[in-house]
Structures are given as C-alpha cells and as structure tokens.
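Below is one structure, written out as structure tokens; comments come after it.
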Amino acid sequence: MIALEQELHSLLAEATTALDNVQTLPELEELKGRVMGRKGTLPALMAQLGQVPAADKPVVGKTINAVKQQLQNAFETRTGQLQAAGTSRRALDVSLPGRTRPLGHKHPITQVMEDAVAIFRRMGFIVADGPDLESVWHNFDALNSPQEHPSRTPEDTFYFDLDRKHWLDSDTTILRTHTSPVQIRYMLKQKPPVRIVCPGRCYRRDTPDATHGMSFHQIEGLYVDRNVSLADLKGTLALYAQEMFGKDAKVRFRPHFFPFTEPSVECDASCIICNGKGCRVCKGSGWLEIAGAGMVNPEVFRNVGYDPEITTGYAFGMGIERIAMIKYAISDLRLLYDNDLRFLHQF
Ligand code: PHE
C-alpha cells in the first residue's frame, strides 16, 4: 500500500474519532472545515494524486473516493444526531416561556344572574323555575293585566297559535314577557309563606337597539306572609343594591303603576359611576332605575286561591342585562349577544 493510501486511512480514522467527541453543531462545522473544507486535509491529500505512479492511480483514486464518501456520511449522521439532541434539550429548557392555555369563563349575563341569585339566597329566598312558553292566563290574566293593555297585542308579544286562537284567549301560547308568571305557578302549588326568586329569560317584540333586545333576562322576587310591608321591600332592595353595587349604594322608590301590584313603585339605585353626583350614564340625575316592584295586588292573591284578608306580600322584578351594563360600563346591549370574543374576554 502506498503512503498516500495510508494517510487517507488514518485521516478517516482520526476524523471519525474526532467527530464522535464533537458535542455541538458549531464544533462540528469547524471540524468539517478542517477535514473537508477547501484548505482542509482531504483536498490536500487528493492533490497528491498527481504524484502517484500512473499504474497505481486507479486504485488510489478509488480509495480517495471511498474515504470521501465515508467522511461525508459520518458528518451527515453526526449532524442529524446533534440536531435531534438540540431539539430535545430545548424542550427541557425550564426558562422558556410556558404555553398558555386559554381558559373559558362565564358570560357576563350569567355572572350577574348568579351574583343576584346568591345575594337573595343569603337573605333566605329560594329559586323557582317556570317555562319560557306560557299561557296568556299565567302571563297576563292571573296577574290582573287588563285585556286592553297594549303589551298584550301581537305587536308587543310573541304569539304561537294565532291561526287557531285569539290573542285574548286565556289558553293561547306565548313566549313569556316577564318572569312574573313563575310567581303564579308557584303560589298555585304552595301555601304561604313564600319567599322565592325566579331568574329567567323573557321575550318582547322590541326592535333591537342599544338598550332593547327581543329577548332579555329578569330576576323576579316574591315574598308572601302575614304583615309584609313596603318597608320590608325597601330593606330587601337596599341590601341587594349594597351587595351588588357596593356598600355606599342607596335606593329610592318612585310611585309607578303595575296591574299586579298596589301600590307600585320603581326602584332606583344611586349611580355607581358618579356616586350620585350626576353623569352621562345616569343622565345627570344621580340615580339608575334597577327594578319594578310593589305590594302584591289582592286580585292576584284571589286568582291563586290565597285569602287577601290575611295574606300580604311584595314582588319585584329586574332586568339582568341592565345591571350587567351598569356594573361593567357596557354602552350597547347588543355587545352582550354578538359572541365576539374580543368583547367577552374582557370580563
Ligand atoms: N313584571 C314587571 C316587568 O316586567 C316587573 C315587576 C315585577 C314589577 C314584580 C312589579 C312586581 O316590568
């Protein structure tokens, strides 16, 4: 074997050992340069082929090609190994930022509804439920709503069977316009005392705008016992306002009319945005309307078989969307229903 062939073989052996010891890709690149680069050992040896006697040239040429091929394979294999190790080392790098997993949360309407229910439960109310599809009797008649009341017309209420029935028939089916029919259903089944809240969805034929939708949520309250007074109602709503809006919240009553209560009031809470000083949200008045309420009308008690001579009670109803809008400073009701995550993620 001529000297050049020997040198080629020892280059292959040395380079392979060196390659095994290399631990990083930059080190490997450097070694590759020294062995196979333009001014590296291998090209230098290959250049010596010219001095080899012509008879030996084919054999030595073959050795050169074989060594070159083996070196190339060895470098490629080691590169692959180091790249793989590099990736797995990176996966173990505890200083890298973690992958955040987006976490869902409750819709603002659900949050406010659950908060309201929790507040009233702490005061001793229990939750009652009723159907969204109601009869005209439960939604209007039993609640002493006069037949000529405009809210009863198909322009204001969603009717289901007008092809077969008249909208004044007691057994015509509608989407409930408030949660008050749940009071009726509960009183028909239970004797006093009654202390319930009814959270739920209601439907009215309103044209959607910033403060109206065709469907919305209410929570209704009903307390029936002997000697219940308007002062009890005020105390309950005052405590509710403090729990919902903060310790400084005050309430006031304004006279109003509802067919199912007498006397009837509208309840305002002091504006939580300006603390009663007057701002854009409360339109300068310092107060925000939060509920309709009153003492249960004796006619309603008669309709459910209670004796109005010995039974007294108060009822109130409030819109959940309105409270969510006040609490979270939401200017347009429609945002609550658009399912736009950029909006919903803020809560
Ligand atoms: N049902 C009334 C409404 O939807 C609210 C209300 C409930 C008023 C109970 C008084 C008593 O506007």
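The table that follows gives values for the structure above.
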item: ³J(HN,Hα), Karplus 6.51/-1.76/1.60, whole Hz, each residue of region 201-212, x for Gly, Pro; result: 9, 10, 9, 9, 7, 9, 6, x, 8, 5, 10, 10
item: Length released on extending from Glu309 to Ala238, taking residue separation times 0.36 nm less the Cα-Cα span; result: 22.8 nm
item: The chain: calculated mean residue ellipticity at 222 nm from DSSP helix runs of at least 4, using -39500 (n - 2.57); result: -12500 deg cm²/dmol
item: Signed unit charges on C-beta, dipole axis of region 96-152, positive-most listed residue Ala142, Gly98, Phe120; result: Gly98
item: Mean Cβ count within 10 Å, highest first, over the residues of peptides 265-276, 207-218; result: 265-276, 207-218
item: Within the accessible area of region 3-87 (1.4 Å probe), percent carbon and sulfur; result: 54 percent
item: Residue among Pro259, Gly37, Pro53 farthest towards the positive dipole end of the chain, charges placed on Cβ; result: Pro53
item: Theoretical gain in end-to-end length, Arg280 to Ala74 [0.36 nm per residue, Cα-Cα removed]; result: 66.5 nm
item: Placed amide H near Trp287: partners under 5 Å, 5+ positions off or other chain; result: Cys271
item: Phi-based couplings in Hz for region 44-55 (Karplus 6.51, -1.76, 1.60; Gly and Pro marked x); result: 4, 5, 4, 5, 6, 4, x, 8, 6, x, 3, 5
item: Cβ crowding within 10 Å averaged over residues, with 304-316, 121-133 ranked highest first; result: 304-316, 121-133
item: Fluctuation leader among Leu175, Leu162, Leu103 - the chain, Gaussian network, Cα springs under 10 angstrom; result: Leu103
item: For the chain, size of Cβ-based charge dipole, Lys and Arg +1, Asp and Glu -1, in debye; result: 1020 debye
item: Burial ranking of peptide ranges 317-329, 4-16 (average Cβ count within 10 Å, highest at the top); result: 317-329, 4-16
item: Counted charge near Asp332, where neighbours are those whose Cβ lies closer than 13 Å (Asp, Glu -1; Lys, Arg +1); result: -2
item: Segment Met214-Thr110, length gained on full extension (0.36 nm per residue, minus Cα span); result: 35.6 nm
item: Choice from Ser170, Ser95, Ser145 showing the highest fluctuation, given a GNM over the chain with Cα pairs closer than 10 Å; result: Ser95
item: Residue-normalised accessible area of the chain, given per residue in Å² at a 1.4 Å probe; result: 56 Å²
item: Where labels lie 7 Å past Cα in the beta-carbon direction, separation of Asp161 and Asp129 in nm; result: 2.4 nm
item: For Asp161, distant residues with modelled amide H under 5 Å away; result: Thr173
item: Relative contact order (percent, whole number), the chain, Cα cutoff 8 Å, 6+ residue spacing; result: 14 percent
item: Interchain or long-range residues, amide H under 5 Å from Ile330's placed H; result: none
item: Rounded FRET efficiency, nearest 0.05, which uses the C-beta distance separating Ser151 from Asp338 and R0 of 30 Å; result: 0.65
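The values are calculated or read from the model by the stated rules, or taken from the named source; none is laboratory data. These numbers come from a predicted model, not from an experiment. Glycine also receives a Cβ, built like all others from the backbone with ideal geometry; neighbour counts cover every protein chain displayed. Heavy atoms of the whole protein, side chains included, go into the accessibility calculation; ligands, DNA and RNA do not. Shrake-Rupley method; radii C 1.70, N 1.55, O 1.52, S 1.80 Å.
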